[in-house]
Amino acid sequence: MATTVETITQSLPTLSLRSNTGDGEAPSEEAYRYTHLLPFFSADTYPPLTPFEHVDPAARALTHPNPRSFLDNATSVVELTPRLGTEVRGVNLARLDSTGRDQLALEVARRGLVIFRDQQEFIDSSPEFYLEWGRHFGRLHVHPTSGHPEGFPELHLVYKDANTTFNYELDDSITPTVWHSDVSYELQPPGLTTFFLLAQPTTGGDTLFTSQVSTLKKLSPQFVAFLRTLKAVHSGIEQANFSRTGKRGGVVRRDPVENVHPVVRRHPVTGEEALFVNRQFTRRIVGLKKEESENILNFLFDHIDKSGDNQTRLKWSPNTVAIWDNRVTAHSAILDYGESKERRHGARITPQAERPIPALEGLELVDE
């Protein structure tokens, strides 16, 4: 992506590269296998994102005689819960062809989350491979505030170790668990997203997921009909201000935006309807008075938080790749490993998708 100013390199703060090895030893920086993927922060700035036409690869898989044939050689396919999540073993993501990737997109759209174990070849591939993988599923998003490997701004990194953190962590609450759909403030938020850990604590650092299709279905038909008429503002301003205070690397590469999305959206391929609000980025319901908006949103946020029967928990193990559909799920990191002083280092490949489609046909997505 072209920059609007001459590149200025901002040095990365000193990192304590103490990796958990399972034997209690702390290897030197040179011994850490993924130093080339450590967070880097530059002062590059980027213009606003422009709209684009998204073609969902999952739609191509609908015409295949067996849309799940990419799983034919799997040694294990286990549904983690009835409503959300499948764990797969025996499928090498790095070797999937274009048809297999299309089928994968459809499976993820239908199940919300698919977890692939034993993916060392994928994880140990080059950053160039990561970008080629992601572009199959949409235009790659460049995060406005997070760290990325030097030279690869399209790769979003999470990073925390004994001395540093470059995550969006809020410590003024009794719990750091904050449900969100990634960068939902963008005009065209992400669809199929790929995430993996390069280093992880011995225990803890799990990720929670919830089905926004199921959270919607739990509500009464009358209330859902009302929610379909609503639209809400999603904002990136607080996230940008967090970085402007010097946290998370202290950069804001693109001016923060707010966009209006339907409270209930429809998936373009499966046709399923999903709740599309989240505590991290959704700020107000358009057209309602402050108290009305806050009461409805807080009810929905609490519903998402507490609906354990719509959720699944991913316990990470080495060489795991998680792929989810941001349009029909929400997730939260579990920050319970800080006292261990161990490193948690993850990479996210984030293709954008279509502008959210209202479940209510004809709903105008403009502010009021």
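Between the DSSP loop rule and a limit of at most 13 other Cβ atoms within 10 Å, which GluC sites (Glu not before Pro) in the stretch 25-100 are left? Intermediate values should be presented prior to the final figure.
Working: sites: E25, E29, E30, E53, E79, E87; in loops: E25, E53.
Passing sites in the stretch 25-100 are E25, E53.
Taking only pairs that are 8 or more places apart or on different chains, how many Lys pairs in the chain have Cα atoms under 17 angstrom apart? Intermediate values should be presented prior to the final figure.
Working: K160/K247; K160/K341; K217/K306; K218/K306; K231/K289; K231/K290.
The number of close lysine pairs in the chain is 6.
Compute the length gained on full extension between S126 and T202: take 0.36 nm times their separation in residues and subtract their Cα-Cα distance, giving the result in nm to one decimal.
Numbers: separation 76, 0.36 × 76 = 27.36 nm, distance 2.56 nm.
Additional length available on full extension: 24.8 nm.
Which residues make up the longest stretch of the chain that has no trypsin sites (Lys or Arg not before Pro) in a DSSP loop with at most 16 other Cβ atoms within 10 Å?
On the way: sites that count: R33, R68, R117, K218, K289, K315, K341.
In the chain, the maximal stretch lacking such sites is 118-217.
Specify whether the C-alpha gyration tensor of the stretch 60-197 places it in the rounded, prolate or oblate class, a ≥ b ≥ c being the square roots of the eigenvalues: rounded for a/c under 1.5, otherwise prolate if a/b is larger than b/c and oblate if not. Don't skip to the end; give the middle numbers.
Numbers: a/c = 1.73, a/b = 1.53, b/c = 1.13.
Judged from the Cα gyration tensor, the stretch 60-197 comes out prolate (a/c at least 1.5, a/b above b/c).
Taking a label point 7 Å from the Cα of N241 along the Cα→Cβ vector, which residues of the stretch 287-306 have an amide N closer than 16 Å to it?
none
Farthest toward the dipole's positive end in the chain, which of V114, T164, T81, given Cβ charges of +1 (Lys, Arg) and -1 (Asp, Glu) about the Cα centre?
T81
For the pair D255 and N319, how long in nm is the line joining their label points, each one 7 Å along Cα→Cβ?
Modelled inter-label distance: 4.8 nm.
At 0.36 nm per residue, minus the direct Cα-Cα distance, what do A43 and K306 gain on full extension? Give it in nm, one decimal, please.
Numbers: separation 263, 0.36 × 263 = 94.68 nm, distance 4.01 nm.
Residue separation times 0.36 nm, minus the Cα-Cα distance, leaves 90.7 nm.
Taking 0.36 nm per residue of separation and subtracting the Cα-Cα distance, what length does fully extending V366 through N92 add?
On the way: separation 274, 0.36 × 274 = 98.64 nm, distance 4.33 nm.
Gain on extension, V366 to N92, equals 94.3 nm.
Going by C-beta contacts inside 10 Å, put T164, T145 in order with the fewest on the left.
Working: T164 17, T145 24.
Fewest-to-most Cβ neighbours within 10 Å comes out as T164, T145.
Throughout, read-outs are computed from the coordinates displayed, never taken from laboratory work. These numbers come from a predicted model, not from an experiment. No Cβ is skipped: glycine too gets one built from the backbone with ideal geometry, and neighbour counts run over all protein chains shown.
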